[in-house]
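Everything below concerns the one structure shown next.
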Amino acid sequence: MARTPSNMMPLGTKAPDFSLSDTVSGTDMTLDELSGTAGTVVMFICNHCPFVKHVNAGIVALAKDYQDKGIGFVAISSNDVENYPQDGPELMKENALQEGFTFPYLYDESQEVATSYDAACTPDFYLFDSELKLVYRGQLDASRPENGIPVTGMDMRNALEAVLAGKQVEPNQKPSIGCNIKWKVA
């Protein structure tokens, strides 16, 4: 299992815009359409990575707890599906339905969105405030496959609570760790 850390985009960065196809509904969706009134969580995930599989139920629980509080959630897969067909759009839809995703699961075929977010791994998490400025990037929590720590989403939950309370998010943030994004070979 590769253990690639987040690149840690600078706090305060404006969320890069995108328009990508949702694998479940088949419709194109933009960042503006998916943004929450209080904040927006952008997650880079995929189907096959054991680090993502480990936290899927946790991210579903997180979304269910915060979507009705004005937080938008979106998951994006940017992996090269030619070399990793298990991450293709048809299987993304199947995975989203199986896991009970309450948020869109978008396919970034060109990998331009992953590049614009400086995403490095799956899972990679970003929280933007109501003005779409980056206030948190890093790990969901300290749980990893086989480390015995339960998935709680504590790091992201603390950041979300700060945003909802109008407080500054703790700037000392730990990178996520996961499988590297599977970049296309030129």
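Just so it is clear, none of the values below were taken in a lab; they were calculated from the coordinates. The model shown is predicted, which means the values in this text are computed figures rather than measured ones. Here the Cβ is made from the backbone with ideal geometry for all residues, glycine too, and neighbour counts use every protein chain on show.
A few remarks follow.
- Over 21 Å [Cα-Cα, segment 87-167], rounded percent: 45
- Maximal additional length on extending the residue 57-residue 94 stretch stands at 11.8 nm, based on 0.36 nm per residue less the C-alpha distance.
- Spin-label model, residue 13 to residue 131: label points 7 Å out along the Cα-to-beta-carbon direction sit 1.8 nm apart.
- The lysines within cross-link reach of residue 133, meaning a Cα-to-Cα straight distance under 21 Å and a gap of 8 or more places when in the same chain, are 14, 69, 167, 174.
- Length released on extending from residue 170 to residue 28, taking residue separation times 0.36 nm less the Cα-Cα span: 47.7 nm
- Cβ-isolated cysteines (cut-off 4.7 Å), the chain: 46, 121
- Over the chain, dividing the summed -39,500 (n - 2.57) contributions of all DSSP H runs of at least 4 residues by the number of residues returns a 222 nm mean residue ellipticity of -7500 deg cm²/dmol.
- Gaussian network model of the chain, Cα within-10 Å springs - most flexible of 147, 47, 56: 147
- Charge tally in the Cβ shell below 11 Å around residue 79, where Lys, Arg are +1 and Asp, Glu are -1, residue 79 excluded: -3
- Among 44, 73, 18: highest mean-square fluctuation, GNM of the chain, C-alpha pairs under 10 Å: 18
- Antiparallel bridges, percent of DSSP beta bridges restricted to the chain (to nearest 5): 70
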